[in-house]
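**Student:** One structure is given below, represented as structure tokens, and several questions about it will come after.
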Amino acid sequence: MSTQTGPTPTRREQILREAARLFAERGFHGVGVDEIGAAVGISGPGLYRHFAGKDAMLAELLVGISERLHEGGRMRVEESAAAGLTPEAALDALIAGHIDFALDDRSLITLHDRELDRLRESDRKQVRKLQRQYVELWVDAVRAIYPELTSLEARVAVHTVFGLLNSTPHLSGSSALPDRETTAALLHRLARGALAAAPAEAEPGRMRAGSAGTTAGTTSGQRT
């Protein structure tokens, strides 16, 4: 599903990648099993050796990306703490990981926005649970830099940043985005700027918590 170079994807991963692309382009009901099979070079009925049907593909796509985001975020937080990194660096790691997702898995962003309600209730609840846990990782990281923010204020700021980063599906076409490195750095600066704007202005002569060093590592591209 990610476009970055890595190990050769399994047949199951190939099916999920093409299903995500087709669902995002045409809608869940606009794509047949035969079309997904053709995209990976197998017959439609052959897909049933891997998935029970389109509903199972959709569930694995949306639950799967929620699991990967949460687990990747948790690992970044733990690795930052183990390495004794600053709160700013820990937040930068979270931002960099989400930018990887926003640039490499744009079809899944579209799919989540359009098709989440098609999941069965248990899968939908699992997605929501994982998303809440992921958000709280960010809330803790933001409040470590800006302790004057309440949890609610930090949560609103985090959701706002997610909205900014997850806008990438709307930037389609070869000329809509600069190269990946430039785009990632721009998104990182915008995310840090949005979070830095969340606290109320500090009193005159008093530096706002976390204002120093907030640009450190803003072009980090680490990935779990």
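**Student:** Return a yes/no flag: does the range 96-108 have any residue that is farther than 29 Å from ARG26 by Cα and in the same structural domain as ARG155 (by the TED database).
**Tutor:** Yes: one or more hits.
**Student:** On to the next question. Determine which single condition ARG206 fails, assuming it passes every other condition in (1) more than 15 Å from PRO87 (Cβ to Cβ); (2) modelled with pLDDT of 70 or more; (3) open to solvent by 40 Å² or more (accessible area, probe 1.4 Å).
**Tutor:** Against the list (1) more than 15 Å from PRO87 (Cβ to Cβ); (2) modelled with pLDDT of 70 or more; (3) open to solvent by 40 Å² or more (accessible area, probe 1.4 Å), ARG206 comes up short only on (2).
**Student:** Could you name every one of the helices (runs of 4 or more DSSP H) located completely within the range 30-106 that has at least 2 residues being open to solvent by 40 Å² or more (accessible area, probe 1.4 Å) and either in contact with a helix residue (DSSP H, G or I) (Cβ under 7 Å, 6 or more places away or on another chain) or of a type in the set (A, V, I, L, M, F, W, C) (or both)?
**Tutor:** Here the list reads 33-40, 54-82.
**Student:** Further, regarding this structure: Take the range 108-166 and flag every residue that is of a type in the set (D, E, K, R) and surrounded by 18 or more Cβ atoms within 10 Å (Cβ to Cβ).
**Tutor:** If the condition is that a residue be of a type in the set (D, E, K, R) and surrounded by 18 or more Cβ atoms within 10 Å (Cβ to Cβ), then ASP123, ARG143, ARG155 are the ones that fit.
**Student:** Kindly evaluate GLU13 against the criterion of being of a type in the set (D, E, K, R), open to solvent by 40 Å² or more (accessible area, probe 1.4 Å) and either touching a residue at least 24 places away in the same chain (Cβ under 8 Å) or within 26 Å of ARG128 (Cα to Cα) (or both).
**Tutor:** yes
**Student:** Only residues that are within 16 Å of ARG106 (Cα to Cα) and open to solvent by 40 Å² or more (accessible area, probe 1.4 Å): list them for the range 19-29, please.
**Tutor:** Scanning the range 19-29 gives ARG21, GLU25, ARG26.
**Student:** Now, a different point. Is there any pair linking a residue in the range 177-203 that is over 14 Å from LEU149 (Cα atoms) to one that is at pLDDT below 95 and part of a helix (DSSP H, G or I), with Cβ under 6 Å and at least six apart or on different chains, and which?
**Tutor:** Within 6 Å, the pairs are LEU177/THR183.
**Student:** Would you call PRO169 in a helix (DSSP H, G or I) and at pLDDT below 95?
**Tutor:** Yes: the conditions hold for PRO169.
The values are calculated or read from the model by the stated rules, or taken from the named source; none is laboratory data. Just so it is clear, the structure is predicted and the values come from calculations on it, not from any experiment. Neighbour counts are summed over all protein chains in view; Cβ atoms, including those assigned to glycine, are modelled from backbone coordinates with ideal geometry. Accessible surface areas use protein heavy atoms only, side chains included; no ligands, DNA or RNA. Shrake-Rupley method; radii C 1.70, N 1.55, O 1.52, S 1.80 Å.
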